[in-house]
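Everything on this sheet refers to the single structure shown next.
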């Protein structure tokens with residue numbers, strides 16, 4: 001593998017790029033304070049923009065060559081994020097996670113971002129396998145994975161502890177470089 005870090009990726013409608021300090025207002029408004037977005041996540045909605053500013057400042061200050069954490073920009077505003085949330089260097093494998101604002105659901109933007117990141121991780125960085133998990137009660141996230149060619153691999157019982165304290169099952173999907181490159 002050849003780690004390259006979070007480089008800008010442009011798609012037909014999106015710019016995937018590093019977080020910037022001036023993203024705080026967009027992040028807060030578009031998704032970070034929305035309970036519909038965080039319903040199935042481990043973190044609660046942010047109550048104030050100052051906490052979002054601290055999160056972004058931490059992201060901006062910590063962008064080493066082996067970190068992959070993109071802001072999703074659409075029509076000039078930051079609407080979500082997509083990241084490698086776990087890496088397994090030995091096995092050339094990583095886990096992908098994403099989050100996008102409710103007003104942007106159903107437009108194919110998450111699929112577009114995920115496809116671009118898969119292309120980058122497989123073809124430029126050299127990962128062998130990429131996987132993602134979603135809360136069993138959030139099938140729309142699984143649909144994104146399926147749309148990107150990921151294959152259902154199993155169910156992890158009571159794997160997630162949501163911010164509301166509920167333990168829920170996770171469904172896991174994965175894709176191999178040879179399968180992605182063959183289908184692209």
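FYI, it's all coordinate maths here, none of it is from the lab. Just so it is clear, the structure is predicted and the values come from calculations on it, not from any experiment. We place every Cβ from the backbone using ideal geometry, glycine too, and count neighbours over all the protein chains shown.
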FRET efficiency (residue 21, residue 157; Cβ distance; R0 45 Å; to 0.05) is 0.65
Per the Cα gyration tensor, segment 1-99 corresponds to an equivalent ellipsoid with semi-axes, largest first in Å, of 23, 16, 13
With -39,500 (n - 2.57) per DSSP H segment of 4 or more residues and division by the full residue count of the chain, the 222 nm estimate, nearest 500 deg cm²/dmol, is -7000 deg cm²/dmol
Once both label points are put 7 Å beyond Cα along the C-beta direction, the residue 60-residue 3 separation in nm becomes 2.3 nm
re the chain: pairs of Cα atoms spaced beyond 22 Å account for a percent value of 45 percent
